Each structure stands twice: as structure tokens, then as C-alpha cells.
Amino acid sequence: MFLKENIQLAVAGLKSNRMRSFLTMLGIIIGIGSVIAIVSIGGAVTDSVSDTMAGIGANMIQVYVTPREAQNTATNVTVGGNNMDESDLITSDQIGSFQRKFADEISAVSLEEDVGVGKVQDGHRYANISAVGANPGYREVSNVKMLQGRFLQDRDVKAGRRVAVVSDKLVSNMFRSRENPLGREVSMNASGWEETFTIVGVYKFERSGMMGGAASADKDVRTQMYIPVSVAKEQARYQNYLYFSLKTKSVTDSQAFSKKVDKYFSKIYADNSKYTCRSYDMENMMSSVTSVMNTISIAVAAIGAIALLVGGIGVMNIMLVSVTERTREIGTRKALGARSGYIRAQFIVEAVIICLIGGVIGVVFGILLAWLGVTLIGMKLTVSVPIVLISVGFSMLIGVFFGYYPAKKASRLDPIEALRYE
């Protein structure tokens, strides 16, 4: 009964000063909302990357040519940078020799060459594409799911045939529903390169949030158009390769094999003073992504904690003002026999109610902000229930912590002096 009365008094006090109460809660709302929003968006990004990598497979390894002074990361590699020339890159013969040497451990090797973005167009019909040169091994390494026809073959690469594998989205944009796209020619214009290709296969396009697919109209989604890597190399600056990918067999330990790859290519690049080769297995990449996202989340949580601290100080200040405004009320209650503990509890409960309401609003604000963020980048919302509960609990703790001093001050007022206060 005593607690119920204190809650009723606290709610009545908040209603009588709505704007002041809201401004008091603002720091709590912003702090909790920012923490929940960033943690939720970070979780969505991490889940999306993990799902993408899991779809590719944990037994995928990428091999990059990288400057010797930047061996710890593949992201520092820039083709043509640091006076890179053709001899610094990996040749087709070197990749072939490597694949033959480790044939018992390698399932497939993927070679690719980015041509650029553009369109396939026929009159008013069009489809946005990203042209990619690929070899037969690309399908297995990248887990391309075929719906019709076939993927690129060795004979297509060797002969430099103008054939292409396109997505089902491109087919739906360019052809009628029952029209067979296989054997049909399409005119491509990618990064200024105009060429006609014959469709030999159709693959299933799987929308990825990391590609921002959900942010585009369904008709305008950009999908990859695969052409023989030898044809793509005709438009490339370099004929050799900056990187290649491989998929190990299921019985192969990817991390252990990654070390073999480094050792093998370190011998090939032993005489190169500027560049070397380094491999990156999928497990290490996933760990790196998770580590980066955790670091960002911790940094934002720290900023949110500062906002909560500021909000807590605001709660303490407003409670001190409330004690001053209600001095005569406190004096009357004490004169009628109210104990100091009752007065103290009344103000602590009021501070907790302020922070609790602010915490709940902050949770709703954070979830809405997270939903907006993941919707814009085309991902699924992931809200951590423990984070929500911790945030609300923490807001209540702030109410107790910052409400204690004003409550203690109120409980110590002398009833006679309080009644004389004007």
C-alpha cells in the first residue's frame, strides 16, 4: 500500500509538470535509444555478413597480392598503386601449377575480373548489371545456383567465346514470361564497353542486404552477368591476377591449408622486394568482422553511457528542484507523523518512475531507429532482448542512484523550518 501511494504521487507529480518531466527524461531516452539502435544495427550487419560467408562456405580461402608492409590486411591492396606492374601479379600458369600441386586438398579455384557496371538493353526493356569475368571454378566457390542451361566452361574461356550466364531477374526484365532465354543474344554496355553475348545459362539471384538490394526497386536491382574471364581480360589493364579464391575439400583443414598457401607463394615472391602473397580464410574474415562490429558497439555504448550519465544528473537536478518546491508539503507530512524513511522512499520512487518511463520510451525510440536503419540497408532487424532488459534495468538504477541525494535531503528537513518556508 505504501509503495502504491508513492507511485501514485510520483505519477501525479509527472502529470502536473509534463514538459519538465519530458526534458528530464531526454538524456535517458537518447542514451538508451542510441545504445539499442547501434547494437541492433551492428547485430544485423554481423548476422548478414555471417550468413553471406556461411552461404559461400567456411572452407573458402582468398589469396591476395599485397604490399609487404601491409601483409596484415587485404584491404590495403590497390591495383596499380605503389608502382605495381604486370610482373608483380599472379600469372595463370602459377595458379595452375598451384592447383595441380594441391589437387588432393583443393575442390575448385575461382578466377574473376571485374568489368564494371552497366546495362543490358533492348528498346524499352533493360536490366542493370555488373559484368564479371569468371572461370568454371567460380560457380562452386561462390555457390552460384543454376536454374537453366549451364555455367561457363573451360572451352568458353580458352576460345574467348561471347557467352554469358545471367540472373533470373535479368530474364524477367528482358524477356516474356514463357520465352526461353537460352541461345538469345543480349547487348551489354558496361563501363563504356559495348558487346553482344549469347545467354547459355540462368542462375538464381539471391538478394543480399550487404548489396543494398532492398533499397532499390525490384526492376532496377543490379545483378551480376558472368562472362568468360578471358573475354573480360581483353578490357582489363592487367592480364595477370591481383587475387584469386579457392574452395578446399570438406576433409581439408582450411586454416592449416591457408598456411600452406602462404608458404607456397612466399617462395614464388621471394625475389620481389615490394609485394608478396597472403591468404585469408573465411573463419579469420568472420572473426575480423565480428571483432570490428564489437569494437564499434562498445564505443557507441560508451557514448550512450555518457548520455545516460548526463541524463542521471538531469534527474538529480530536477529532483532537487522538486524538493525545494514541495518543502511545505514535506513539512506538513512530517508534522503529521511521516517518518524520514517514508519521505526518502517517496522521492526515490519518483526518480525511478522518471527513469523507468524514460527507459521505456528510449527502448521504443531505439527499436524504431534500428528498424529504419536496417530497412534502408536492406537487412533483417535483430533486437537483443538482454540488451533491452539491461537498458531498462540500468535506467531504474540511475533513478535510485541520482534520486537518493535529493530524497535524503528531503527526509532531513526540519518540519518547523519546512512549514515556515515560502
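Below are the figures for this structure:
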read-out	value
Of residues in the stretch 181-201 being surrounded by 15 or more Cβ atoms within 10 Å (Cβ to Cβ) and outside any strand (DSSP E or B), the one nearest to the chain's Cα centre (by Cα)	PRO181
Residue within the stretch 104-115 that is part of a helix (DSSP H, G or I) and under 18 Å from TYR64 (Cβ atoms) present	no
Only one of VAL157, VAL120, VAL63, VAL132 that is outside any strand (DSSP E or B), of a type in the set (Val, Ile, Thr), modelled with pLDDT of 90 or more and crowded, with 19+ Cβ neighbours inside 10 Å	VAL157
Residue identified as open to solvent by less than 40 Å² (accessible area, probe 1.4 Å), modelled with pLDDT of 70 or more, within 19 Å of GLY399 (Cβ to Cβ) and among the polar types (S, T, N, Q) among SER322, SER279	SER322
Number of the exception - GLU140 against (1) touching a strand residue (DSSP E or B) at 6+ places or on another chain (Cβ under 6 Å); (2) outside any helix (DSSP H, G or I); (3) modelled with pLDDT under 95; (4) not aliphatic (A, V, I, L, M)	(2)
Residues (part of a strand (DSSP E or B) and over 27 Å from VAL157 (Cα atoms)) located in the stretch 225-280	TYR275, THR276
The stretch 359-380, residues that are more than 14 Å from VAL400 (Cα to Cα) and open to solvent by less than 10 Å² (accessible area, probe 1.4 Å)	GLY362, GLY366, ALA370, VAL374
Filter result for ARG178 (out of contact with any Leu (no Cβ under 9 Å at 6 or more places or on another chain) and assigned to a loop (DSSP other than H, G, I, E, B))	yes
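The values are calculated or read from the model by the stated rules, or taken from the named source; none is laboratory data. Quantities reported herein were computed from a predicted structural model and do not represent experimental measurements. FYI the Cβ positions are ideal-geometry reconstructions off the backbone, even for glycines, and counts take in every protein chain you see. All accessible areas refer to the heavy atoms of the entire protein, side chains included, with ligands and DNA or RNA removed. Shrake-Rupley method; radii C 1.70, N 1.55, O 1.52, S 1.80 Å.
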